Structures are given as C-alpha cells and as structure tokens.
Amino acid sequence: MNSFKMNRRNMLLGTGASLASLAVSGNAQTVAQAPGERDPLPIPSTPDQIRRMEWWHTAKFGMFIHFGLYSQHQRHEWAMETEAIPIGEYLPLAKQFNPKPGFARAWAKLAKAAGMKYMVMTTKHHEGFCNFDTKLTDYCATKQGPKRDLVREYVEAARAEGLHVGLYYSLMDWHHPDGAKCKTDEAARRRFVDYIHGQVNELMSNYGKIDILWYDVPWPLDAKGWESVEMNKMVRKLQPDIIINNRSKIPEDFDTPEQRIVASADRPWESCMTMNDSWGYHAADDGWKSPKTIIRNLITCARDGGNYLLNIGPKPDGSIPEQSIAVLSEVGRWMEVKKMMPCFSINPTMRFRGRVTC
C-alpha cells in the first residue's frame, strides 16, 4: 500500500522499486491512485460474478490487516524503501519477528464486534517476507522468527468468528533478486513470474476456501509480463467462488480506490483506508481518525454502492494498537444501536443510489 512522500528510487541496490508511479501523499483523504487502481474499460457483470459477489455486496464493511517485518521495525510498511535500508540490514528483522500466540483471534473478535463481515491480511508485502508456509523461499514465517504459519492462524481465527477470508499478496518484491531485473531481463522475468505464480498457487491450495484475493502494486510489469490472465485462471480453477481485485493489471471483479472514496460508475468497488496515516505499524503516527469520521466514511461507501475496507496495523507482537481498539469498539457500539447492516444490503446487479435511512 502507499504511505509517505519520501522516496529513494534506485538508491537501494536490488530493489529499483519506483515510487513515481505511486505518487504518494500524507493526506489520508487525497492519496493518488495506485497502479492498476482504475482500469480503462469496465467489464459487464456475468451471472457467475453476480453469484460470487452477492455476499460481498451485502457485507459492506471489512478489516484490512498490514502485518510483517515492517511491524517489527515500527516505522510503517514502506520503511525499507523510504529509509533506503539495504536488504542485508533489513534481514535481521526476520529473526526478531515473533508474534504472540492467539494474536489473530483478537483481530477477528474485534472485527466482528465492529460489525465487519470479512478480513483481508497481508500474506506478503513489498518487503518480500512471507507470512505463510512456502516451499519457494526461506524468507518466510515458518523458517524464520515465528517458526509457524501466521496466515493459517489468521484464516482459522477469521473462520471461527464467521468472517469471510481474504488474502493480500504484493506482486512487487524488494527482496527477490529478480524483483527489479525482471523489467529488462527476460530470463529474470521468467524466474520471477514463476515464483509469483507458484506462491499464489500455494495460497490458493493450502488454506481451504478463500473468499478474496487482493493483489497489490504490479510494478514493474504489465499484465502480459505478469501473465495475469493465466495466473487468475489458475486461481479460479483452485477457488471457483473467489473474488479478485483489479491490481494484477486486469479488471477482474472490483476496483480499489485507496485512501479516498470514489465510486466506480459501472463496476463494484471497495475503498480501502487507514485508521491513522500508515498501513503498517508506526509508533510515532498519532493521526487517528475519529469514530465519527469512520462511520461517515462507511455510510458514504454504502450509500454510493461500495464497500469500506478499514486497516489496522498491529504491533510487532500482533497486538492491536489501543487507539484502534477504542475507535473500532465505538464504531461497533454505534453499528449495534443503529443496526445499519440490513440497510446496506443492495441488489448486487445495481449500483445503489438511495439514502441510508436507518
């Protein structure tokens, strides 16, 4: 996800990740759109898509979770890039990272109490560290500090609370040696795309039914380079009921405006936002939104036919910042009193244009 305005393009050997195309801002309401966020041509809904997305249109409210080595660093999810941290200096975080037992259960319980109906967790962010058990790299939770599969713990916790399960996966990778080379070197592209497809296959094969696949940042390739059509055909073969976002450079099921609410005219959409100004945990970021702001954002998304995916950035041990708990608890109390969710249920074949009257 996008965060702060600093950038070190090309300063970090082995990443070359460009922020120019991400045009980031510190203003939580005006962050520029990310690559793949808006697609040039809308695609018509099919009966199969309507069927798959019926629950999603009704749900309206979800929890986004950014959690990884950047949480251990405690200076937001882009720190490796914005602080020009060489890979060798960043690697020790993988040994230090060790969330406490039961961390994911607290996430799921808070999500349910806040009136959320689904969750989306980062399985691999731009830093390249995998929170899941993968056979394709040792840079993962089962072989580093945690010595266990954090994604599995999250999936089981979400299901225990009756919530739909979403997995976030960053295509961009600052750690992989071919993550930047793939732009100009065909052999590197082949290796890197095989790696990415292989990990997506693992995620879709090893955790039972997955409801949402949430790609992020397709730099530095286009849809042809990523072989996105083939990748998503594989995903749908493994998970026939899954919903896929638009950040693999092809439209798929829904648009993803970031840090702002912008309704798509002819497409399902979901606005994702932070609770402060960071996606990953940032100890010094105290720019918290009020419960009133979050409730207003939720109402606006529902009124205009979209969903609201609200982020938490857990601390290194997996605990939720106290401010996030306080705000979401207040939102949950308001949701219970107003009983808004039935009012948000809409015909999934139409864009809702009425007013919320609960």
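The values are calculated or read from the model by the stated rules, or taken from the named source; none is laboratory data. Note that this is a predicted model, so its numbers are computed, not measured. Every residue, glycine among them, receives a Cβ derived from its backbone with ideal geometry; neighbour counts consider all protein chains shown. Accessible surface is based on the protein model in full, side chains and every heavy atom, while ligands, DNA and RNA are left aside. Shrake-Rupley method; radii C 1.70, N 1.55, O 1.52, S 1.80 Å.
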Asn311 passes all but one of (1) surrounded by fewer than 17 Cβ atoms within 10 Å (Cβ to Cβ); (2) modelled with pLDDT of 95 or more; (3) of a type in the set (S, T, N, Q); (4) in contact with a Ser or Thr (Cβ under 7 Å, 6 or more places away or on another chain); which number fails?
(1)
Residues that are under 15 Å from Ala141 (Cα atoms) and assigned to a loop (DSSP other than H, G, I, E, B), drawn from the stretch 90-120:
Leu91, Phe97, Asn98, Pro99, Lys100, Pro101
Residues that are in contact with a Leu (Cβ under 9 Å, 6 or more places away or on another chain): which helices (runs of 4 or more DSSP H) entirely in the stretch 184-296 hold 2 or more of them?
186-205, 228-238
Of the residues that make up the stretch 210-223, is at least one free of Cβ contacts under 8 Å to residues at least 40 places away in the same chain, open to solvent by less than 10 Å² (accessible area, probe 1.4 Å), among the hydroxyl-bearing types (Ser, Thr, Tyr) and under 29 Å from Asp138 (Cα atoms)?
no
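Let's see how each residue does on (1) open to solvent by less than 30 Å² (accessible area, probe 1.4 Å); (2) in contact with a Phe, Trp or Tyr (Cβ under 6 Å, 6 or more places away or on another chain); (3) farther than 21 Å from Trp78 by Cβ:
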residue: Asp286; (1), (2), (3): no, no, no
residue: Lys292; (1), (2), (3): no, no, yes
residue: Leu328; (1), (2), (3): yes, no, yes
residue: Trp334; (1), (2), (3): no, no, yes
Just to be sure I understand the filter: pairs with C-beta atoms under 6 Å, separated by 6 or more residues or on different chains, first member in the stretch 305-332 and free of Cβ contacts under 8 Å to residues at least 40 places away in the same chain, second member open to solvent by 30 Å² or more (accessible area, probe 1.4 Å). Which pairs pass?
Glu330/Pro291
I'd like to check something: does the stretch 79-95 contain any residue that is hydroxyl-bearing (Ser, Thr, Tyr), open to solvent by less than 50 Å² (accessible area, probe 1.4 Å) and more than 25 Å from Phe254 (Cα to Cα)?
yes
